[in-house]
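Participant: Below you will find the structure I want to go over with you.
What follows is calculated from the coordinates using simple rules that are stated; it is not laboratory data. Values in this document were obtained by computation on a predicted structure and should not be read as measured data. Cβ placement follows ideal geometry from the backbone for every residue including glycine, while neighbour counts extend to all protein chains displayed.
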Amino acid sequence: MSDLPTDSTIHAATDALTAVRQPVGTARGLPNAHYTCPTLFEDEATALLKTTWAGLAVASDVPAPGDAKPITFLGMPLLLLRDKSGVVRVFNNVCRHRGMILVAEPRRIEGAIRCPYHSWCYATDGRLVTTPHVGGPGINTAPDIDRATLGLIEVRSHIWRDIVFINISGTAPDFEQVHAPLIARWSALDQPQHHGGPDSHFTLDVASNWKLAVENYCESYHLPWVHPGLNSYSRLEDHYNIVAPQQFSGQATHVYRQLTDAAGHRFADYANLPAFWDQGAEYIALYPNVLLGAQRDHSFAILLEPLSHNQTREHVHLYYATADTDADLRAANSAQWKQVFEEDIFVVEGMQRGRAALGFDGGRFSAAMDAPTHCFHDWVATRMQAARAP
Amino acid sequence: MRSLDQRLCAAHAKNDISTLVALYCEAATAAETTTQKGFYLTHAYVYALEAAHPDALRLHAQLCSLGKEL
């Protein structure tokens, strides 16, 4: 088979994205290449993850002043760091001298971060504080080495609901401007989120493109078949779609059932919630890669870490309204949610394998049931078209 | 009694920061030239900085007085 001319390839790709950006009932899904092509994975990393506010970690990953956690995100070596005054920032985990990785393992920085190569030292707020022998043996200064300009390179970050969002490009509008609609929607939930601790965090590795995890999470259409345990108390008709074009999408229920122990104890509620939250719960995918769940007595965040075009790591964190919660009840809640999210793995991985089918046209959407998923596809297609525009 | 070199190597092997600070200060005291003194004081200072050792400020001041630090 001869190679297609470049123009035809471009036109085909553009036509495919235009087909996505149609009304939900007639739209096609994103083409296979968006799930199978390593090159397109990199293009999407730029258009969807580096130029937006992507979820990287949670501030609870560095709970104490001096805590440092190295994180590789989209191949970039980053450092999540809580300084001595308690401020959490994200830096490039790289010495400004010769580019050496500074912190190899999560640890507490007692004083300064010392580069293991030539011992340049940085304060926990990123300032370069000493450059040993840079001017010769025993001379720690040099005319062309201006420490004030050689601090750690900070990555723009914003913390919301304990989630550390980053804007790699530095060009996105402020987080509070971009996500004003969801911040307003959940204003009643704007309360301290107490991470449940080590037993309230787990990871799941999924052999699929990260977008498939978003697409599955934000719809309720699959619940009766993939999560049959919900059928007894949260039927399909108890759920409704949430669609915020170019922002977020998800689904909600009118019949959230609180977890209780044998004695009838339950988690404390968040304070002063409107009546909706008595039995309501919302599950929203905040584009690009953060999946959120909110209930009257606990919340969770799933951060999708794209490892490759066909591999994703899901970082799940559970939060409570109070710092003090029953350990057994917490463990039961974590186990319950872990079971639910594990039930999704086979469909997400199955869709990934399905994308190798030649001739699969991206699929179709149920206007009644798939609007949240199509909303995400439309966001992807919009950003990809904008990125390709001359 | 082990030589200073031997004691330094032992402290490095154990990553014993407090001992490293003390030993590099000892080396600085015994140094014959200002360059050598600056070299050893720098090592003591860097390890003290890293560990938030109480001598970090004093060592910084010493290096500044020698014209070796900012």
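Participant: Once label points are set 7 Å from the Cα along Cα→Cβ at both A:Asp278 and A:Gln339, what is their separation, rounded to one decimal in nm?
Facilitator: It is 2.8 nm.
Participant: Put a dot 7 Å past each Cα toward the Cβ at B:Leu70 and A:Glu237; how far apart are the dots in nm?
Facilitator: Here the modelled spin labels are 7.2 nm apart.
Participant: With springs only between Cα atoms under 10 Å, which of A:Gly138, A:Gly29, A:Gly280 fluctuates most in a Gaussian network model of chain A?
Facilitator: Result: A:Gly138 has the largest fluctuation of those listed.
Participant: Turning to a different aspect of this structure: Return the FRET efficiency for the residue pair A:Arg313, A:His201: r is the Cβ-Cβ distance, R0 is 22 Å, and the value is rounded to the nearest 0.05.
Facilitator: E between A:Arg313 and A:His201, to the nearest 0.05, is 0.95.
Participant: Return the sequence-ordered ³J(HN,Hα) values of the stretch A:281-288 in whole Hz as given by the Karplus equation 6.51 cos²θ - 1.76 cosθ + 1.60 applied to θ = phi - 60°, using x for Gly and Pro.
Facilitator: Each residue's phi maps through the Karplus curve to give 8, 10, 10, 10, 8, 8, 5, x Hz.
Participant: Per-residue HN-Hα couplings for the stretch B:45-58, Karplus 6.51 cos²θ - 1.76 cosθ + 1.60 at θ = phi - 60°, whole Hz, x for Gly and Pro?
Facilitator: Whole-Hz 3J(HN,Hα) from phi for the stretch B:45-58: 5, 4, 5, 5, 4, 4, 9, 6, 5, x, 8, 4, 5, 4.
Participant: Would you mind calculating the gained length between A:Gln22 and A:Val134 on full extension (0.36 nm times residue separation, minus the Cα-Cα distance), in nm to one decimal?
Facilitator: Details: separation 112, 0.36 × 112 = 40.32 nm, distance 6.01 nm.
That works out to 34.3 nm of additional length.
Participant: Tell me which of A:Thr325, A:Phe300, A:His315 sits at the most positive position along the dipole axis of the stretch A:266-368, charges placed on C-beta atoms (Lys, Arg +1; Asp, Glu -1).
Facilitator: Ranked along the dipole, the leading option is A:His315.
Participant: Taking H as built 1.01 Å from N, whose amide H comes closer than 5 Å to the amide H of A:Val155, not counting residues under 5 places away?
Facilitator: So A:Val155 has HN proximity to A:Val90, A:Phe91, A:Asn92.
Participant: Also, quick follow-up: Just how large is the dipole of chain A about the Cα centre, in debye to the nearest 20, putting +1 at every Lys and Arg Cβ and -1 at every Asp and Glu Cβ?
Facilitator: The calculation lands at about 820 debye.
Participant: Quick check: pseudo-label points 7 Å beyond the Cα along Cα→Cβ at A:Ala387 and B:Thr19, how many nm apart are they?
Facilitator: 5.3
Participant: Given the -39500 (n - 2.57) contribution per DSSP H run of 4+ residues, what per-residue ellipticity at 222 nm results for chain A, rounded to the nearest 500 deg cm²/dmol?
Facilitator: -7000 deg cm²/dmol, from helical runs alone.
Participant: Of A:Gln247, A:Gln336, A:Pro77, which is farthest along the charge dipole of chain A in the positive direction, counting Lys and Arg as +1 and Asp and Glu as -1 at C-beta?
Facilitator: Comparing the listed Cα positions along the dipole, A:Pro77 ranks first.
Participant: Okay, moving on. Classify chain A: rounded, prolate or oblate, from the alpha-carbon gyration tensor (a ≥ b ≥ c, eigenvalue square roots; a/c under 1.5 rounded; otherwise prolate if a/b is larger than b/c)?
Facilitator: oblate
Participant: Right, next: Length gain on complete extension for the stretch A:Trp225 to A:Ala184, per 0.36 nm per residue less the alpha carbon to alpha carbon distance? Write out the running numbers ahead of the final one.
Facilitator: Values: separation 41, 0.36 × 41 = 14.76 nm, distance 3.29 nm.
Extending this stretch completely gives an extra 11.5 nm.
Participant: Over the stretch A:276-390, what is the mean sequence separation of C-alpha contacts under 8 Å (at least six apart), divided by residue count, expressed as relative contact order in percent?
Facilitator: About 12 percent, as a whole number.
Participant: Over chain A, what is the relative contact order in percent, taking alpha-carbon pairs closer than 8 angstrom and at least six residues apart? Show your work: numbers first, answer last.
Facilitator: Values: 741 pairs, mean separation 84.9, N = 390.
It rounds to 22 percent for chain A.
Participant: Another one. By its C-alpha gyration tensor, with a ≥ b ≥ c as the square roots of the eigenvalues, how is the stretch A:321-390 shaped: rounded for a/c under 1.5, else prolate for a/b larger than b/c, else oblate?
Facilitator: Prolate is the answer for the stretch A:321-390, as a/c is 1.5 or above and a/b outweighs b/c.
Participant: Further question on the same structure: Scattering from the C-alpha atoms of the stretch A:1-125 alone, worked out with Debye: what is log10 I(q)/I(0) at q = 0.10, 0.14, 0.19, 0.20 1/Å?
Facilitator: Reported log10 I(q)/I(0), two decimals: -0.52, -0.73, -1.02, -1.10.
Participant: Which ³J(HN,Hα) values in Hz, rounded to whole numbers, follow from the phi angles of the stretch A:259-267 under the Karplus curve 6.51 cos²θ - 1.76 cosθ + 1.60, where θ = phi - 60° and Gly and Pro get x?
Facilitator: Result, ordered by residue: 6, 10, 8, 4, 8, x, 6, 9, 5 Hz.
Participant: Can you tell me the relative contact order of the stretch A:59-166? Whole percent, Cα pairs under 8 Å, sequence separation 6 or more.
Facilitator: It comes to 22 percent, rounded to a whole number.
Participant: May I pose another question? Helix by helix through chain A, keep the DSSP H runs that span 20 Å or more along the axis on Cα and average at least -0.5 on Kyte-Doolittle, and give those back in order.
Facilitator: The qualifying helices are A:6-20, A:371-388.
Participant: For the protein assembly as shown, list the cysteines whose Cβ sits under 4.7 Å from no other cysteine Cβ?
Facilitator: Singleton cysteines: A:Cys37, A:Cys121, A:Cys218, A:Cys375, B:Cys9, B:Cys25, B:Cys64.
Participant: Now, a different point. How large is the dipole of the stretch A:7-95 about the Cα centre if only Lys and Arg carry +1 and Asp and Glu carry -1, each at its Cβ, rounded to the nearest 20 debye?
Facilitator: It works out to roughly 320 debye.
Participant: Under a cut-off of 21 Å between alpha-carbon atoms, report the lysines in cross-link reach of A:Lys84, not counting same-chain residues fewer than 8 places apart.
Facilitator: The reachable lysines, counting only those whose Cα sits under 21 Å from A:Lys84, are A:Lys69.
Participant: Compute the distance from the alpha-carbon center of the stretch A:151-182 to that of the stretch B:15-64, in whole Å.
Facilitator: The two parts, judged by their Cα centres, are 40 Å apart.
Participant: Would you mind getting me the FRET efficiency between B:Asp5 and A:Arg108? Use the beta-carbon distance for r and R0 = 35 Å, nearest 0.05.
Facilitator: That gives a FRET efficiency of 0.70.
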